[in-house]
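Engineer: Provided herewith is a single structure, encoded as structure tokens, for subsequent inquiry.
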């Protein structure tokens, strides 16, 4: 199972942080990704279908604490070329638990994915995902995340807990 350290923070605007993030990235040009995430009822962790377009998506199961600051996430990603049909099947089987639509600017800084997100109904966010190697500890990943937060000028008061779907439903801060 893949692991990463994740951290999420509210930001005033994606465009304001983009030059700072680009300066830290391996390549200065971000990749813009349109994402439509459907969440499903799940007794163990979270299950979502991420749709990029009608013919491409990913089923993602993950487990992580809903806490502010860097946190460990264990996840599995399964690509699909039939996201629309898969969404319908999962909805029928498990029931819907929410939907998140966002525009994401992706930059890479080493093994860290820097996401600058514009989330419909919520606003603008920074999300870091420090992808851990098998031999890398959680503490090492947290140190990388904290260093990037400092370099990006993110204050601890900006950190949020939970997932975007929780924020949309008023279950997280």
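Engineer: If you average the C-alpha positions of the stretch 139-171 and of the stretch 35-103 separately, how far apart do those two centres end up, in angstrom?
Structural biologist: 20 Å
Engineer: Using 7 Å Cα-to-Cβ label points, what is the residue 111/residue 77 separation (nm, one decimal)?
Structural biologist: About 1.5 nm separates the two model spin labels.
Engineer: Also: Which residues among the stretch 107-136 fall inside the zone where the amide N is under 17 Å from a point 7 Å beyond the Cα of residue 2, along Cα→Cβ?
Structural biologist: 107-116, 127-136
Engineer: Here's a follow-up. What does the extension gain come out to for residue 31 and residue 15, with contour length at 0.36 nm per residue minus their alpha carbon separation? Working shown, then result.
Structural biologist: Working: separation 16, 0.36 × 16 = 5.76 nm, distance 1.35 nm.
Fully extending the segment from residue 31 to residue 15 adds 4.4 nm.
Engineer: Defining a contact as two alpha carbons under 8 Å apart and six or more residues distant in sequence, what relative contact order in percent does the stretch 2-168 show? The partial results should precede the final answer.
Structural biologist: Details: 361 pairs, mean separation 55.2, N = 167.
That works out to 33 percent.
Engineer: Another question about this same structure. Tell me, 62, 164, 75 in order of fewest to most beta-carbon neighbours within 10 Å?
Structural biologist: Details: 62 20, 164 24, 75 17.
Exposure proxy ranking, most exposed first: 75, 62, 164.
Engineer: A further question follows. Okay, helix-only estimate at 222 nm for the chain: each DSSP H run of n ≥ 4 adds -39500 (n - 2.57), divide by all residues, round to 500 deg cm²/dmol; what do you get?
Structural biologist: Working: 4 runs with 43 residues, N = 173.
Here the helix-only value at 222 nm equals -7500 deg cm²/dmol.
Engineer: Among (i) 18.7, 66; (ii) 15.7, 45; (iii) 15.9, 48, find the value of Rg and Dmax of the Cα atoms in Å that was calculated from the structure presented, and write down its label.
Structural biologist: (ii)
Engineer: Roughly how tilted is helix 138-152, in degrees to the nearest 10 and between 0 and 90, from the longest Cα axis of the chain?
Structural biologist: Helix 138-152 sits at roughly 70 degrees to that axis.
Engineer: While we're here: Considering only the stretch 1-117, what is the antiparallel percent among its DSSP beta bridges, to the nearest 5?
Structural biologist: On the way: 41 of 41 bridges.
Expressed as a percentage, antiparallel bridges in the stretch 1-117 total about 100.
Engineer: So, R0 is 30 Å and r is the distance between the beta-carbons of residue 150 and residue 52; what FRET efficiency does that work out to, to 0.05? Walk me through the numbers before you get to the answer.
Structural biologist: On the way: r = 32 Å, r/R0 = 1.07.
Efficiency computed from Cβ-Cβ geometry: 0.40.
Engineer: Further question: Based only on other Cβ atoms within 10 Å, what is the fewest-to-most ordering of 99, 133?
Structural biologist: By the 10 Å Cβ count, ascending: 133, 99.
Engineer: A further question on this structure: How far apart, in nanometres, would the label points at residue 93 and residue 66 be if each is projected 7 angstrom from Cα along the Cα-to-Cβ direction?
Structural biologist: Rounded to a tenth, the inter-label distance reads 2.4 nm.
Engineer: How far is helix 83-94 tilted, in degrees, relative to the longest principal axis of the Cα atoms in the chain, given as a value from 0 to 90 rounded to the nearest 10?
Structural biologist: Tilt relative to the chain: about 70 degrees.
Engineer: Still on this structure: Can you give the angle from 0 to 90° between the axis of helix 14-24 and the longest principal axis of the chain, with both taken from C-alpha atoms, to the nearest 10?
Structural biologist: That helix lies at roughly 60 degrees to the long axis.
A short reminder: the numbers here are calculations on the coordinates, not readings from a lab. The model shown is predicted, which means the values in this text are computed figures rather than measured ones. Cβ sites come from the backbone with ideal geometry, for glycine too, and all protein chains shown count toward neighbours.
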